[in-house]
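Engineer: One structure, pasted below without further comment.
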Amino acid sequence: MATDSNRFQAIISHCKEYGFIFPSSEIYDGLSAVYDYGQWGTELKRNVRDHWWRSMTQFHENIVGIDAAIFMHPTTWKASGHVDNFSDPMIDNKDSKKRYRVDHLLEAHANELEKEGDANGARAVLARMDELLAASDYDGLRNLIESLNIKCEVSGTSNWTEVRQFNLMFSTQLGSVSDEASEIYLRPETAQGIFVNFLNVQKTARMKIPFGIAQVGKAFRNEIVARQFIFRMREFEQMEMQYFIRPGTQKEWYEFWKEERMKWHLSLGIPAERYRFHDHVKLAHYADAACDIEYEFPIGFKEVEGIHSRTDFDLRNHQEFSKKKMTYHDPELNQSYIPYVIETSIGLDRTVMMLLSEAYTEEDLSTADKQDSRTVLKFPAALAPIKLAVLPLTKKDGLPDIGREIMNSCRAQFKCFYEEKDTIGKRYRRMDAIGTPFCVTVDHQTKEDNTVTIRYRDTMEQERIAIADIKNVVEGKLKLSY
Ligand code: ATP
């Protein structure tokens, strides 16, 4: 069985071996912190995205979705504060030239203390770090790193530079002729596409406050620390929703969305004790309250989603920079104002990593006579890349034809997979490894009584059901309780 740190490596290897996630441009040795989703990873990710999209835009009558461009007018990022503020405090080791995010270095040290049984020491380091970050006290942060004698993992020395800020946005040139070209950015978050379209959507969809706009899309950050698989990527996908509200009501809506989002997380079938809220001490430049939903990954509790009370910071700044009015006329109050915003912002890739971490199970199936084990991904059936595998026992005697008929009758409803090759045991294990919740085997008895054996992934139990019932049995398990 893998230990926790080995477990993380085991999950990464499994993802590659079974077609979930590959290093980007692997034939050229990969590109740091960039990944490609393979055939099953893509299906999984799409299912998570669809579940989020439906939860937002179908379960909430007052939320609509948009799809804004990745490129935006460069002034957007001045107004949003990203040009001036989107940076992290970093420190370099002078000997190895390796650059670290200061908070990550200190968090790793606190984790070590905790592992050694010094929970109080760990808490004290984190509390001091929070204080110094909140005060933007960079000398204090460097002194803290030195006083704890934290060493670079590459050089093994504590020969540190000053703490400095680095902007995380990627820039590029728009326009083909150099004197016409202007510098633009790859968006570091999807939220601004929503803010600049706030009035377009409000007017054309005739939305009344409170209402929300949801969006899923790529975001890009030149992350410095990039060694955590799809947890921290340079190109990733966000699922964000901005909820526009009356000024003064932000506390109650903030609490509402905290609860609502936790409900969504629990709908993924993950037990409540694997989650926790983490309130921010140092608030981002735009926020008056903020927290993270953290999940207990094999690498520890880490942020999956942020919930932020962004006040009217973004709309007010866009109004100032664009000179276009960003106000809403509230018919009930007969007043115009710039709405306040509660944002829920979740990383799609981190959610995929959370589901993989939760689902990945190594089981020892040894009996007195035989050593045996299996690796199984216990995804909720609704999110599994493939829902049903159809497996004729042999390639002859008309069994494949019956298998094909079952495929044809189910494929319009959910993703099915057909396979004839190898022993049935090997085929079951392959389906376990990619998380397929149901396998049906067509055998000679099928020809006599129109029944198949259905095998359930998690229990490995098998039972005989009528071909006519397959669709209902599978469909009955494809709902997530949100
Ligand atoms: P972190 O502190 O981990 O860098 P953040 O607080 O900067 O994250 P937000 O700006 O709040 O993150 O972004 C919202 C969500 O987007 C995060 O909760 C996370 O799920 C996701 N996210 C942010 N950066 C990355 C990244 N580099 N790779 C993958 N997902 C990311």
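The values are calculated or read from the model by the stated rules, or taken from the named source; none is laboratory data. Treat the numbers as computed from the prediction; the structure is a model and nothing was measured. Note that each Cβ is placed from the backbone with ideal geometry, even for glycine, and that neighbours are counted across all protein chains shown.
Engineer: Closer than 18 Å to residue 361 by Cβ, of a type in the set (Gly, Ala, Ser) and outside the structural domain of residue 270 (by TED's automatic domain parsing): which single residue out of 398, 435 fits that description?
Structural biologist: 435 is the lone residue from the list that is closer than 18 Å to residue 361 by Cβ, of a type in the set (Gly, Ala, Ser) and outside the structural domain of residue 270 (by TED's automatic domain parsing).
Engineer: Mind listing just one residue for me: the one in the stretch 181-222 that is over 30 Å from residue 15 (Cβ atoms), among the polar types (S, T, N, Q) and in contact with a strand residue (DSSP E or B) (Cβ under 9 Å, 6 or more places away or on another chain) and, of those, farthest from the ligand (Cβ to nearest atom)?
Structural biologist: 182
Engineer: Please report, ordered by residue number, the strands (runs of 3 or more DSSP E) entirely within the stretch 364-482 with at least 1 residues that are of a type in the set (Asp, Glu).
Structural biologist: Qualifying strands (runs of 3 or more DSSP E): 462-466.
Engineer: Being of a type in the set (A, V, I, L, M, F, W, C) and part of a loop (DSSP other than H, G, I, E, B) is the filter; apply it to the stretch 1-16 and report the residue that is nearest to residue 112 (Cα to Cα). Spell out how you get there, then give the answer.
Structural biologist: Filtering the stretch 1-16 for residues of a type in the set (A, V, I, L, M, F, W, C) gives 1-2, 8, 10-12, 15.
This time we only want the ones that are part of a loop (DSSP other than H, G, I, E, B), so: 1-2.
Working: 1: 22, 2: 19 Å.
Looking at the filtered set, the residue picked out is 2.
Engineer: Could you identify the single residue in 370, 396, 387 that is loosely packed, with under 13 Cβ neighbours inside 10 Å and farther than 18 Å from residue 422 by Cα?
Structural biologist: The unique qualifying residue is 370.
Engineer: Here are some residues: 344, 375. Which one is crowded, with 22+ Cβ neighbours inside 10 Å and either closer than 30 Å to residue 301 by Cα or within 28 Å of the chain's Cα centre (by Cα) (or both)?
Structural biologist: 344
Engineer: For the list (1) more than 14 Å from the chain's Cα centre (by Cα); (2) of a type in the set (Asp, Glu); (3) assigned to a strand (DSSP E or B), I need the number of the one condition that residue 294 fails.
Structural biologist: (1)
Here's the yes/no breakdown for (1) within 15 Å of the ligand (Cβ to nearest atom); (2) surrounded by fewer than 17 Cβ atoms within 10 Å (Cβ to Cβ); (3) among the β-branched types (Val, Ile, Thr); (4) not assigned by TED's automatic domain parsing to the domain that holds residue 290:
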{"position": "224", "(1), (2), (3), (4)": "yes, no, yes, no"}
{"position": "241", "(1), (2), (3), (4)": "yes, no, no, no"}
{"position": "255", "(1), (2), (3), (4)": "no, yes, no, no"}
{"position": "263", "(1), (2), (3), (4)": "no, yes, no, no"}
{"position": "266", "(1), (2), (3), (4)": "no, yes, no, no"}
{"position": "273", "(1), (2), (3), (4)": "no, yes, no, no"}
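Engineer: Taking the options 341, 352, name whichever one is at pLDDT 95 or above and either near the ligand (Cβ under 9 Å from one of its atoms) or over 22 Å from residue 192 (Cα atoms) (or both).
Structural biologist: 352
Engineer: Taking the stretch 152-201 only, how many residues are among the hydroxyl-bearing types (Ser, Thr, Tyr) and in a helix (DSSP H, G or I)?
Structural biologist: Of the residues in the stretch 152-201, 0 are among the hydroxyl-bearing types (Ser, Thr, Tyr) and in a helix (DSSP H, G or I).
Engineer: Assess whether residue 71 counts as being aromatic (Phe, Trp, Tyr) and loosely packed, with under 15 Cβ neighbours inside 10 Å.
Structural biologist: Yes: the conditions hold for residue 71.
Engineer: Please pick out the residue among 19, 41, 30 that is at pLDDT 95 or above, assigned to a loop (DSSP other than H, G, I, E, B) and either surrounded by 17 or more Cβ atoms within 10 Å (Cβ to Cβ) or in contact with a Pro (Cβ under 8 Å, 6 or more places away or on another chain) (or both).
Structural biologist: 19
Engineer: Can you pull out the residues in the stretch 327-352 that are touching a residue at least 24 places away in the same chain (Cβ under 8 Å) and touching a His at 6+ places or on another chain (Cβ under 6 Å)?
Structural biologist: 343
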